[in-house]
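The structure is given below, and queries will be raised subsequently.
The values are calculated or read from the model by the stated rules, or taken from the named source; none is laboratory data. Computed from a prediction, not measured in an experiment: that's the story for all the values here. Quick reminder, even Gly has a Cβ in these numbers, built from the backbone with ideal geometry, and neighbours come from all protein chains shown.
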Amino acid sequence: MREDATSKKFLVSHFNNYKMVGNKSVMGQLYEIERILNNYKQHNMNMDETIIVSSIIDKHPPSWKDFKRTMKHKKEDISLEQLGNHLRLEEEYRKQEGNKNHVTQEKIHVMEEGNSSKTSKKRNHENDKSHQNRNGNNNKKKRKGEYHFCGKEGHSKNE
């Protein structure tokens, strides 16, 4: 009997202290909570379903703040099963949105790389021209006086 009382206290403590984390599947974590709640039933412990649902909503990670607020402000009480359906849909939606954002970021990254290589080729081509001018290999004449940007004599804007 004493052992049963300590295991009940352990179960209550385990449920109360359980916190969901953002880097794991929320559905997987919900299954873990349901496993704890099944142990409640084995020990003939009862808890109101509204309290269970509210507690689970509170256990969500900070990244689920909007979802928590929406679920808390629903006028009607929802069952544990309904909460599971909402969580499944929300997690699927977040995965789809995450994949869209990831693909968009990859496209942006590829475009940035492409632009930077074109820009560097253009700069290298301009540097070759200015190098030819300094060595006298080109017939273009240098300007006299200082250029206002770099302050070096004979440098034009493209140099």
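Of the conditions (1) under 28 Å from the mean Cα position of the chain (by Cα); (2) modelled with pLDDT of 60 or more; (3) assigned to a helix (DSSP H, G or I), Gln105 fails just one. Which one is it?
(2)
What's the total number of residues in segment 40-53 that are in contact (Cβ under 8 Å) with a residue 12 or more places away in the chain, surrounded by fewer than 16 Cβ atoms within 10 Å (Cβ to Cβ) and out of contact with any Asp or Glu (no Cβ under 9 Å at 6 or more places or on another chain)?
The total comes to 1.
Pick from Lys9, Lys72, Lys68, Lys59: which is surrounded by 14 or more Cβ atoms within 10 Å (Cβ to Cβ) and either more than 19 Å from Lys95 (Cβ to Cβ) or among the polar types (S, T, N, Q) (or both)?
Details: Lys9 fails: surrounded by 14 or more Cβ atoms within 10 Å (Cβ to Cβ); Lys72 fails: surrounded by 14 or more Cβ atoms within 10 Å (Cβ to Cβ); Lys68 fails: either more than 19 Å from Lys95 (Cβ to Cβ) or among the polar types (S, T, N, Q) (or both).
None of the other options fit; the residue is Lys59.
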